[in-house]
Amino acid sequence: MNRWSKMPLGKVVSLEYGKALKAEDRDVGGNFPVYGSNGIVGFHNSAVVEEPTIVVGRKGAIGEAHLVENGCWPIDTAFYTLFRKPGIVSIRYLLL
């Protein structure tokens, strides 16, 4: 029987600052969505994070959460999650 371990959220994921990417530097034909605090604001040809993540607004729409499963570029108006221990919990569970 599997048992759940009780631990602080910070031991499972870290909350990271998004990286600046000016609108004129984005590649509109790129495959990766660029996320700001309100959601997708464009696309780019590379990603800051390529694993499933949750993007949360930190300016403007503070607290708005977006589940991203295939990589993205969160800009500096948002936070994103990185798993410290992958596989412990589903990213969908953390979105709750």
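The values are calculated or read from the model by the stated rules, or taken from the named source; none is laboratory data. Keep in mind the model is a prediction, meaning the values are calculated, not measured. Glycine also receives a Cβ, built like all others from the backbone with ideal geometry; neighbour counts cover every protein chain displayed.
Condition check ((1) of a type in the set (K, R); (2) outside any loop (DSSP other than H, G, I, E, B); (3) under 24 Å from D25 (Cα atoms); (4) at pLDDT below 95) across all residues:
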site	(1), (2), (3), (4)
F43	no, yes, yes, no
A47	no, no, yes, no
G60	no, no, yes, yes
H66	no, yes, yes, yes
N70	no, no, yes, yes
L82	no, yes, no, yes
K85	yes, no, no, yes
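Please work out which one of (1) of a type in the set (S, T, N, Q); (2) buried (at least 18 other Cβ atoms within 10 Å of the Cβ); (3) under 24 Å from K85 (Cα atoms) is the condition N70 fails and give its number.
It fails just one condition, (2).
Specify the residue that is surrounded by the most Cβ atoms within 10 Å (Cβ to Cβ); the eligible residues are those in the stretch 24-39 that are closer than 19 Å to T81 by Cα and modelled with pLDDT of 95 or more.
Y35
Which residues, taken from the stretch 11-23, are touching a residue at least 40 places away in the same chain (Cβ under 8 Å) and of a type outside the set (V, I, T)?
Hits for the stretch 11-23 are K11, S14, L15, E16, Y17, G18, K19, A20, L21.
Under 8 Å by Cβ, and 6 or more places apart or on different chains, what pairs join a residue from the stretch 29-46 that is at positive phi with one that is in a strand (DSSP E or B) and not β-branched (V, I, T)?
G39/H66; G42/P33
When residues of the stretch 1-23 are filtered for being at pLDDT below 90 and in contact with a strand residue (DSSP E or B) (Cβ under 8 Å, 6 or more places away or on another chain), how many remain?
Residues meeting the conditions: 2.
Does any residue of the stretch 1-18 turn out to be under 15 Å from the mean Cα position of the chain (by Cα), more than 21 Å from K85 (Cα to Cα) and either part of a loop (DSSP other than H, G, I, E, B) or among the polar types (S, T, N, Q) (or both)?
no
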